[in-house]
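K.L.:
Quick one: the structure is below, questions incoming.
The values are calculated or read from the model by the stated rules, or taken from the named source; none is laboratory data. The structure displayed is predicted, hence computed values, not measured ones. Using ideal geometry, Cβ is built from the backbone for each residue, glycine included, and neighbour counts are taken over all protein chains shown. Side chains are part of the model used for accessible areas, which takes the heavy atoms of the whole protein and leaves out ligands, DNA and RNA. Shrake-Rupley method; radii C 1.70, N 1.55, O 1.52, S 1.80 Å.
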Amino acid sequence: MRYIITLIIGLVIGAAASIFLLGVPRAKTLPGSRVGPPSGTPPAHTVVVTLPDAFLDGLLTTVFKDVGPPTFNISSGKGLPGAPIEKAAFQSGCGGVTLAPEAGNVKTEVEFGGGKILAPLVFSGSYGLLGNCMEFKGWAQTSIQLSFDQQSQTLFARVNVDSVNLEGVNPLANNFVTVFVRNAIDQRINPIAVLRPSQLQLMIPVTGSNGSVQANVKEINSEIHDGSLRLLINYEFSGAKNQPTG
């Protein structure tokens, strides 16, 4: 009974310490409007792009194999909101999260299904606390939210951490590491510019008219089916004369 009471007190103290050291996790605001299913029949000027999850699997495999595992180093103490003594908590050379392709039965991948974009992320990392550098590993279940900012003509994404599953971490440090991982993912990954203006906008020269037609994105909707994401990109056109057509 005494052990249980001690454990509960330790967990409460650990949660309070993690909030004090790291700050309360809060997701960054995405620019623009949230991308969701269309309200009706798509307008005539709509282009449909289908993205299968197999495409993203190949992309992630190439990243891990040829580029290297992404690492988010936050040992400098920058990027974590509301952390008054974070530099004392994270020792030099210690404090970061590195993504891994897989571990056990969990694989880092993107899944389209059930109307959601899900992305389990396998990771390992370390954190410095009270002069000691401690290592951890595990995986996070995340979901991805899309947003389109018409002004910047950019499609953004935000990775939301739904849960963190840790392995080999002392129960007293569990809350601390969980907040640490959440902050590392949110502050170092988000927001993601998925498609930029150069990839979305179109400039169509009109031969013989000394002009061109500009196609800007008005709205983006999405439909998620098992195994694929469909982006419905609605364009609006404008023409200009006396413009170079090269």
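K.L.:
Mind listing whichever residues of region 179-210 are assigned to a loop (DSSP other than H, G, I, E, B) and more than 30 Å from PHE237 (Cα to Cα)? Even if it seems obvious, please write down each step before you answer.
P.N.:
Step one: of region 179-210, the residues assigned to a loop (DSSP other than H, G, I, E, B) are 190-191, 196, 201, 207-210.
Within region 179-210, just ASN190 meets the criteria.
K.L.:
Let me ask you something else. Mind checking whether some residue in region 105-122 is more than 26 Å from VAL194 (Cα to Cα) and at pLDDT 90 or above? Outline the logic, then answer.
P.N.:
Restricting attention to region 105-122, the residues satisfying the condition of being more than 26 Å from VAL194 (Cα to Cα) are 105.
Filter once more, keeping what is at pLDDT 90 or above: 105.
Yes, some residue in region 105-122 is more than 26 Å from VAL194 (Cα to Cα) and at pLDDT 90 or above.
K.L.:
Could you check THR50 against (1) loosely packed, with under 14 Cβ neighbours inside 10 Å; (2) at pLDDT 85 or above; (3) closer than 16 Å to ILE189 by Cβ and say which number it fails?
P.N.:
Unmet for THR50, out of (1) loosely packed, with under 14 Cβ neighbours inside 10 Å; (2) at pLDDT 85 or above; (3) closer than 16 Å to ILE189 by Cβ: (3).
K.L.:
Let me ask something additional. Quick one: count up the residues across region 123-155 that are touching a strand residue (DSSP E or B) at 6+ places or on another chain (Cβ under 8 Å) and more than 22 Å from PRO38 (Cβ to Cβ). Walk me through how you get there before you give the answer.
P.N.:
Restricting attention to region 123-155, the residues satisfying the condition of being touching a strand residue (DSSP E or B) at 6+ places or on another chain (Cβ under 8 Å) are 123-128, 133-150, 153-155.
Cutting the leftovers down to more than 22 Å from PRO38 (Cβ to Cβ) gives us 123-128, 133-142.
Adding up the residues that qualify gives 16.
K.L.:
What single numbered condition from (1) touching a Gly at 6+ places or on another chain (Cβ under 7 Å); (2) farther than 22 Å from PHE55 by Cβ; (3) aromatic (Phe, Trp, Tyr) fails to hold for PHE237?
P.N.:
Only one criterion is unmet by PHE237, namely (1).
K.L.:
Of (1) closer than 15 Å to THR98 by Cα; (2) crowded, with 21+ Cβ neighbours inside 10 Å, PHE176 satisfies all except one. Which?
P.N.:
Exception for PHE176: condition (1).
K.L.:
Filter region 133-157 for residues that are within 15 Å of ALA184 (Cβ to Cβ) and touching a residue at least 12 places away in the same chain (Cβ under 8 Å); which is surrounded by the fewest Cβ atoms within 10 Å (Cβ to Cβ)?
P.N.:
To start, the set of residues in region 133-157 that are within 15 Å of ALA184 (Cβ to Cβ) comprises 134-140, 142.
Checking the rest, the ones that are also touching a residue at least 12 places away in the same chain (Cβ under 8 Å) come to 134, 136-140, 142.
On the way: MET134: 16, PHE136: 22, LYS137: 18, GLY138: 20, TRP139: 25, ALA140: 25, THR142: 22.
Among those that are within 15 Å of ALA184 (Cβ to Cβ) and touching a residue at least 12 places away in the same chain (Cβ under 8 Å), it is MET134.
K.L.:
How about region 29-47: which of its residues are at pLDDT below 85 and open to solvent by less than 70 Å² (accessible area, probe 1.4 Å)?
P.N.:
Within region 29-47, the first condition is being at pLDDT below 85, and the residues that meet it are 29-30.
LEU30, the sole residue that qualifies.
K.L.:
Another one. Would you pick out the residues in region 180-217 that are open to solvent by less than 30 Å² (accessible area, probe 1.4 Å), more than 19 Å from the chain's Cα centre (by Cα) and among the hydrophobic types (A, V, I, L, M, F, W, C)?
P.N.:
Within region 180-217, LEU200, ALA215, VAL217 meet the criteria.
K.L.:
Another one. Could you tell me whether LEU130 is free of Cβ contacts under 8 Å to residues at least 60 places away in the same chain, more than 21 Å from THR71 (Cα to Cα), open to solvent by 40 Å² or more (accessible area, probe 1.4 Å) and not aromatic (Phe, Trp, Tyr)?
P.N.:
Working: free of Cβ contacts under 8 Å to residues at least 60 places away in the same chain: yes; more than 21 Å from THR71 (Cα to Cα): yes; open to solvent by 40 Å² or more (accessible area, probe 1.4 Å): yes; not aromatic (Phe, Trp, Tyr): yes.
Yes.
K.L.:
Now a separate question. Quick check on this structure: which one of ILE233, ILE220 is among the hydrophobic types (A, V, I, L, M, F, W, C), part of a strand (DSSP E or B), surrounded by 17 or more Cβ atoms within 10 Å (Cβ to Cβ) and in contact with a helix residue (DSSP H, G or I) (Cβ under 8 Å, 6 or more places away or on another chain)? Spell out how you get there, then give the answer.
P.N.:
Values: ILE220 fails: in contact with a helix residue (DSSP H, G or I) (Cβ under 8 Å, 6 or more places away or on another chain).
The unique qualifying residue is ILE233.
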